[in-house]
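Engineer: Could you have a look at this structure, given as structure tokens, before my questions?
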Amino acid sequence: MQNPLEGDDDALDQPWLKDMVDEQLLPLFHEDERKLRRAVRHFIRAAQDDSEVEEKLIELLETALEEGNDDTSASLMTTIILGEARSIAAIPILVRCLASEADETLQDAAHVALLRMGPVAVRRIVELMEDSDDRLLLRSGYGLLGQVGVLGDLDLTDEVRQFLRDRVEVERKKSAEETVIEELFRASALLGDLEQLDRLKAVLEDDFRGRNAGLQDIREMLEQNPEGVPFIATPPPWESRHGWLFEDEREEARVTRNRSGDISISLFSDGMEEDGGIVEEDSTADDAQEER
């Protein structure tokens with residue numbers, strides 16, 4: 001996040017995000033990576049079980065987007081949490097993050113979170129795009145729709161393909177400054193939609209006189225995919241982007257030292273202990289392993 005105090009005298013009194021959130025959410029501001037991982041996992045479960053926690057997380061993200069005052073990774077972690085928790089209530093703010101260029105890292109995290117939420121979020125994005133002229137939303141939305149093949153939902157993929165076909169003439173009517181037709185066709189190509197090939201060729205010849213490198217590349221993508229198979233990212237984006245947060249989630253055996261000095265195994269459901277409701281790393285395990 002950009003420093004909100006830079007270049008704006010009126011922002012000198014603007015507090016940082018950490019100073020504006022509910023105390024319960026402060027673990028998300030940990031600088032220690034292990035503690036941050038534990039906090040993220042804790043809040044995923046909490047957001048699923050407690051609507052008040054879910055609301056506080058949404059408010060944190062809204063504040064971060066509106067004020068641009070997060071000098072930590074807390075808003076990024078919150079975006080991940082809301083996606084992993086499948087928070088339907090968070091879809092509006094995640095869409096706003098998706099359509100914002102104020103923070104590209106947060107924008108990408110919102111993209112992944114919405115995709116992670118699956119069909120309900122994808123269909124909501126389609127609904128919003130149908131009624132929107134917001135170029136940023138449409139461009140980012142097409143980018144997301146091109147990746148729905150990773151969800152493995154054939155009905156959803158067909159719905160998105162048809163939506164993109166219907167949008168071609170809408171985008172063609174826009175000015176060169178407003179249209180995002182290249183992003184639209186790229187999404188169709190990523191979904192392996194061969195029905196778009198003739199439309200693409202017509203747009204390339206009639207609207208661009210055959211001189212548009214981006215559309216030419218997209219045409220080649222479709223022509224080289226005669227079976228119309230969607231391109232699927234492997235691993236999926238939520239694993240490639242932030243899988244590190246869950247790498248040791250299934251590690252149940254923790255090495256600890258008992259009072260007599262003997263090494264024993266302590267079992268926790270997710271390799272952590274709770275301290276006052278806030279997850280904490282069991283540091284004695286690492287100490288014991290170093291001495292072995």
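Engineer: Checking the conditions here, which among Glu227, Glu220 is open to solvent by 50 Å² or more (accessible area, probe 1.4 Å) and either in a helix (DSSP H, G or I) or of a type in the set (A, V, I, L, M) (or both)?
Structural biologist: Step by step, each of Glu227, Glu220 is checked, and only Glu220 is open to solvent by 50 Å² or more (accessible area, probe 1.4 Å) and either in a helix (DSSP H, G or I) or of a type in the set (A, V, I, L, M) (or both).
Engineer: Looking at Glu182, Glu178, can you tell me which residue is at pLDDT 95 or above, surrounded by 14 or more Cβ atoms within 10 Å (Cβ to Cβ) and under 20 Å from Leu136 (Cα atoms)?
Structural biologist: It is Glu182.
Engineer: Which of the residues that make up the stretch 16-56 are open to solvent by 60 Å² or more (accessible area, probe 1.4 Å) and basic (Lys, Arg)?
Structural biologist: If the condition is that a residue be open to solvent by 60 Å² or more (accessible area, probe 1.4 Å) and basic (Lys, Arg), then Lys18, Arg34, Lys35, Arg45 are the ones that fit.
Engineer: Kindly evaluate Asp13 against the criterion of being open to solvent by 70 Å² or more (accessible area, probe 1.4 Å), assigned to a loop (DSSP other than H, G, I, E, B) and closer than 20 Å to Gln107 by Cα.
Structural biologist: The answer is no for Asp13.
Engineer: Tell me yes or no: at least one residue of the stretch 103-114 is open to solvent by 40 Å² or more (accessible area, probe 1.4 Å) and hydrophobic (A, V, I, L, M, F, W, C).
Structural biologist: Scanning the stretch 103-114, I find no residue that is open to solvent by 40 Å² or more (accessible area, probe 1.4 Å) and hydrophobic (A, V, I, L, M, F, W, C), so the answer is no.
Engineer: Going by the structure shown, is Gln162 open to solvent by less than 40 Å² (accessible area, probe 1.4 Å) and within 28 Å of Gln107 (Cβ to Cβ)?
Structural biologist: Taking the combined requirement at face value, the residue does not satisfy it.
Listed here are the residues, each with its yes/no results for (1) assigned to a loop (DSSP other than H, G, I, E, B); (2) touching a residue at least 12 places away in the same chain (Cβ under 8 Å).
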position: Ala102; (1), (2): yes, yes
position: Gln107; (1), (2): no, yes
position: Leu114; (1), (2): no, yes
position: Ala121; (1), (2): no, yes
position: Glu127; (1), (2): no, no
position: Asp133; (1), (2): yes, yes
position: Leu138; (1), (2): no, yes
position: Tyr142; (1), (2): no, yes
position: Leu156; (1), (2): no, yes
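Engineer: What is the one condition in (1) within 30 Å of Gly83 (Cβ to Cβ); (2) more than 29 Å from the chain's Cα centre (by Cα) that Gly210 does not satisfy?
Structural biologist: It is condition (1) that Gly210 fails.
Engineer: Moving on to the next point. Those residues that are out of contact with any helix residue (DSSP H, G or I) (no Cβ under 8 Å at 6 or more places or on another chain) and in a helix (DSSP H, G or I), I need them from the stretch 158-173; list them, please.
Structural biologist: Asp158, Gln162, Asp166, Glu169, Val170
Engineer: Condition (residue is open to solvent by less than 10 Å² (accessible area, probe 1.4 Å) and under 12 Å from the mean Cα position of the chain (by Cα)) applied to the stretch 128-139: is it met by at least one residue?
Structural biologist: Scanning the stretch 128-139, I find no residue that is open to solvent by less than 10 Å² (accessible area, probe 1.4 Å) and under 12 Å from the mean Cα position of the chain (by Cα), so the answer is no.
Engineer: Can you say whether Ala74 is at pLDDT 95 or above, within 20 Å of the chain's Cα centre (by Cα) and closer than 16 Å to Leu245 by Cα, as far as the supplied structure shows?
Structural biologist: When the stated conditions are applied, Ala74 passes them.
Engineer: Taking the stretch 57-100, which residues are under 21 Å from Asp19 (Cβ atoms), open to solvent by 10 Å² or more (accessible area, probe 1.4 Å) and in a helix (DSSP H, G or I)?
Structural biologist: Scanning the stretch 57-100 gives Ile58, Glu59, Glu62, Thr63, Leu65, Glu66, Glu67, Leu76.
The values are calculated or read from the model by the stated rules, or taken from the named source; none is laboratory data. Every value quoted in this text rests on a predicted model; they were computed, and no experiment measured them. Don't worry about glycine lacking a Cβ; one is built from the backbone with ideal geometry, like all the others, and counts go over all protein chains shown. With ligands, DNA and RNA removed, areas are computed over all heavy atoms of the protein, side chains included. Shrake-Rupley method; radii C 1.70, N 1.55, O 1.52, S 1.80 Å.
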